[in-house]
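Student: Pasting a structure below so you can have a look.
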Amino acid sequence: MIRRPLRALLLCGALLAGELVALGGASAASPTNPNCTGVPDAVLTGGGQVRVFAMHHKQDLADNSTYQSIRDALDCELTARVDPYRASDHPNVVVYNELNGLSYGTEGSRGLVARQASSQATFVDTTIGQPGALGIGAVAGPYAAPIAYYDTKFGTPGSVAGAIGQMFTSITDTLVRSVVENLSALAHKHGVYIVFGTPLVVREGTDCSGQYAGWVACPGWHRSTDVGDIAALQDPDLAPAPYVYVADANTVDNVQLFFAPDGTLYDMQPKVNLTPIEIDPLGWHQGSATTIHAISLYGADAVRYPAVRFGVGISLDAFETAIGPTPCPPEAPPGTKFEPYPQFMQCLDSKGVNVFLQPEFNDGGAACASWTDFTEDCGTTKANWQPLSWMRSAWFSVQGRADGGFVFKNFKYAVNPFMTGNLFDISGDGQTAIFARDDPRARPGWYAGDSTAALYAGAGVGTYTDRADDPRYSRFEGPQPGFLALTPWTIPEGAPGSAYRCKPRSTTAPDCTSSTGAPPITTAGALDPGDPASLQSCEKGLAPGSGVTSGPCAENNYRSSVLIADLFPAAAAEPSPGALPLTATDRS
């Protein structure tokens, strides 16, 4: 998630859930899983040290009715989009998104109310003023026994954030089965590495012992056959369960898990820089900056390709690009915290990372939409065009310059996969991308709406009509070097008037005006939400609750695809001379 919060899955959702039990029937399976069809948006193969698959995955609650249906949906996607393109002579790394596993907390009969509530969420959340409130919070009632178990084990929380965090702890068994067991099996079946995001309990530093000794961050759960644990925690759909997964702490992190081709969970990176609402009211735990580390390949692959070093910056982490005299925090006693940590990317670079992974669940809703709108710092005087401001993250890691050189010396590639699709009344949206430095295949490119300097042309009014632009980002406009692969957005940028939210004046349409107080644009009226003539108005159609039911901008008609590229090809080029020069003040 970027700095806008994932709308908050509040405890009141659990309180309201009891009113919705009778609404609707069981969740229907997806008639056609969009992740199982189509062709990749880019395939750049032909040799290298590692092949990456950046998954532009579309989430769907209908996939989550059982552990098996979750596995089947992912298996279908891997079969369609990975297997036909898998390299036979070097490792294949499938990079999924941030928080893929979040919706898996609605698995099974205990999550049925939450899955049913999807169609009711907009009405309820509008009524109480909190989008997302009816979401996964609706499982709290059915998980009363596990919540009580952890209240006894860890103490009764004394705050709303603590109670919601404890709720996430209570679904540990469900999440380990749906994420860890499933992804381990799928990595082994398809013979690939899988990087996958979920909320789960994480331990750090010296708390990692036994088989996890030496890990900077490790699983915070264990398998138990104790009859008391089983009685309190077992999934009723599996009863009598031979075992359950028990949380060893109530520190739930936003974490990326690394699975090897033999199914081994061999590394993880928790999110260090959380959004305010991830902290309160979600009650999640901030990973310590001492967990920032490089991640190698596994086993024989690590020996064969020792130079390949991955590093993960989960969403907001990637925007923390401050430069200081000491890149990483010092070693410190357990429990010492160094977060939020503004030098996250400098620290990661200092670890020798050359493949930067930025998994995303870039969230938004009808009132504050995700991608092609002024939704960065939404609702504030700093609001700006998100595709432009996004250039400060993955692209900047490999192409940002200052003082005559690259800001980060080691990053050669950046892989930024976005999750798409509407979850309850929250949208996931964006453009998955792979960026490169020193790779002859990379070309100048841009995100949606950034092909020219139109955003800042004509001060006060300009092309866009509801903006409060930050001039720091003007340097990112127009074609920029280092684009290796990019998923297109829903509306082609070359469409007539694609950069406007206006149409020729009519007697029924109001004037388009600027949110900055500039005079009205007297030659045009407002486009209807969902009108495919505009990048901006189409986004209003895709978002939850838009009511647009047909055409390319129909609600939830987000793309689903994959980008595939071999990294570190034998032929290399000098750094692009057109790399964008930036000053230190641009890196905030």
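Student: For a quick check of understanding: with a 1.4 angstrom probe and all protein chains in place, what accessible area in square angstrom does His90 have, to the nearest ten?
Tutor: Using a 1.4 Å probe on the heavy atoms, I get roughly 10 Å².
Student: Which ³J(HN,Hα) values, rounded to whole Hz and listed in residue order, are derived for segment 45-53 from phi using the Karplus coefficients 6.51, -1.76 and 1.60 in 6.51 cos²θ - 1.76 cosθ + 1.60 with θ = phi - 60°, glycine and proline given as x?
Tutor: Values per residue, Gly and Pro as x: 10, x, x, x, 9, 7, 10, 10, 10 Hz.
Student: Could you run the Karplus curve 6.51 cos²θ - 1.76 cosθ + 1.60 with θ = phi - 60° over segment 306-311 and give me ³J(HN,Hα) per residue in whole Hz, x for Gly and Pro?
Tutor: x, 7, 7, 10, 7, x
Student: Quantify, in whole percent, the carbon and sulfur part of the accessible surface of segment 380-456 (1.4 Å probe; protein heavy atoms only). It would help to have the intermediate numbers written out before the result.
Tutor: Values: 1040 of 1930 Å².
The C+S portion of the solvent-accessible surface of segment 380-456 is 54 percent.
Student: Given a 1.4 Å probe and heavy atoms of the protein chains only, how would you sort Arg223, Arg559, Arg475, Arg51, largest accessible area at the top?
Tutor: Numbers: Arg223 135, Arg559 75, Arg475 110, Arg51 25 Å².
Largest to smallest exposure gives the sequence Arg223, Arg475, Arg559, Arg51.
Student: Each residue of segment 223-237 in order: what ³J(HN,Hα) in whole Hz does its phi give by Karplus 6.51 cos²θ - 1.76 cosθ + 1.60, θ = phi - 60°, with x for Gly and Pro?
Tutor: Taking θ as phi minus 60°, the curve returns 8, 10, 10, 5, 5, x, 4, 5, 4, 7, 10, 5, 6, x, 6 Hz for segment 223-237.
Student: Can you give me the solvent accessible area of Phe154 with a 1.4 Å probe, rounded to the nearest 10 Å²?
Tutor: 60 Å²
Student: Among the lysines, which fall within straight-line cross-link reach of Lys409, defined as a Cα-Cα distance under 29 Å, with same-chain neighbours fewer than 8 residues apart omitted?
Tutor: Lys271, Lys337, Lys351
Student: Leaving ligands, DNA and RNA out of it, rank Trp221, Trp385, Trp215 by accessible area with a 1.4 Å probe, largest first. Mind dumping the intermediate values first?
Tutor: On the way: Trp221 25, Trp385 5, Trp215 50 Å².
Order by accessible area, largest first: Trp215, Trp221, Trp385.
Student: To continue, here is another question. Cα-Cα pairs above 19 Å in segment 167-256: how many percent?
Tutor: Details: 1802 of 4005 pairs.
Tail of P(r) above 19 Å: 45 percent of Cα pairs.
Student: In whole Å, what are the extents of segment 288-397 along the principal axes defined by its C-alpha atoms, from largest to smallest?
Tutor: 49, 34, 24
Student: Let me ask something additional. Counting pairs of alpha carbon atoms under 8 Å apart in space and at least six apart in sequence, what relative contact order in percent does segment 305-371 give? Kindly include the intermediate steps, with their values, before the conclusion.
Tutor: Numbers: 76 pairs, mean separation 31.9, N = 67.
Normalised by residue count, the contact order of segment 305-371 is 48 percent.
Student: Along the three principal axes, how long is segment 210-272 when you take its alpha carbons, biggest first, rounded to the nearest angstrom?
Tutor: So the three principal-axis extents are 34, 28, 23 Å.
Student: Rounded to the nearest 10 Å², what accessible area does Asp528 show when all protein chains are kept and the probe is 1.4 Å?
Tutor: Asp528 exposes around 90 Å² with every protein chain in place.
Student: Sticking with this structure for a sec: So, for segment 352-460, what is the accessible surface per residue at a probe of 1.4 Å, expressed in square angstrom? Show your work: numbers first, answer last.
Tutor: On the way: 2580 Å² over 109 residues.
Dividing the accessible area of segment 352-460 by its residue count gives 24 Å².
Student: Taking the Cα centre of segment 327-453 as the origin and placing charges on Cβ (Lys, Arg +1; Asp, Glu -1), which of Thr420, Trp371, Ser350 is farthest toward the positive end of the dipole?
Tutor: Ser350
Student: Go through Lys58, Lys337, Lys412, Lys271 and list them by solvent-accessible area, largest first, probe radius 1.4 Å. Walk me through the numbers before you get to the answer.
Tutor: Details: Lys58 25, Lys337 90, Lys412 60, Lys271 0 Å².
Heavy-atom accessible area, descending, gives Lys337, Lys412, Lys58, Lys271.
Student: How large a share of the accessible area of segment 158-208, in percent, is made up of carbon and sulfur atoms when the probe is 1.4 Å and the other protein chains stay in place? Walk me through the numbers on the way to the answer.
Tutor: Details: 610 of 1150 Å².
Carbon-and-sulfur percentage of accessible area, whole number: 53.
Student: Give me the percent of the accessible area of segment 50-93 that comes from carbon and sulfur atoms, probe 1.4 Å, all protein chains in place. Each step should come with its number before you reach the end.
Tutor: On the way: 620 of 1380 Å².
Accessible surface attributable to carbon and sulfur in segment 50-93 totals 45 percent.
Student: Give me the one-decimal Kirkwood hydrodynamic radius in Å for segment 248-344, with the sum taken over alpha-carbon pairs.
Tutor: Working: mean 1/r = 0.0672 Å⁻¹.
Result for segment 248-344, one decimal place: 14.9 Å.
Student: Additional query: Please say if segment 385-424 is rounded, prolate or oblate, where rounded means a/c under 1.5 for a ≥ b ≥ c the square roots of the C-alpha gyration tensor eigenvalues, and otherwise the choice is prolate for a/b larger than b/c and oblate otherwise?
Tutor: Numbers: a/c = 5.32, a/b = 2.15, b/c = 2.48.
Cα axes put segment 385-424 in the oblate bin.
The values are calculated or read from the model by the stated rules, or taken from the named source; none is laboratory data. Remember, predicted model here, so these are calculated numbers, not experimental data. Note that each Cβ is placed from the backbone with ideal geometry, even for glycine, and that neighbours are counted across all protein chains shown. For accessibility, only protein heavy atoms count, side chains too; no ligands or nucleic acids. Shrake-Rupley method; radii C 1.70, N 1.55, O 1.52, S 1.80 Å.
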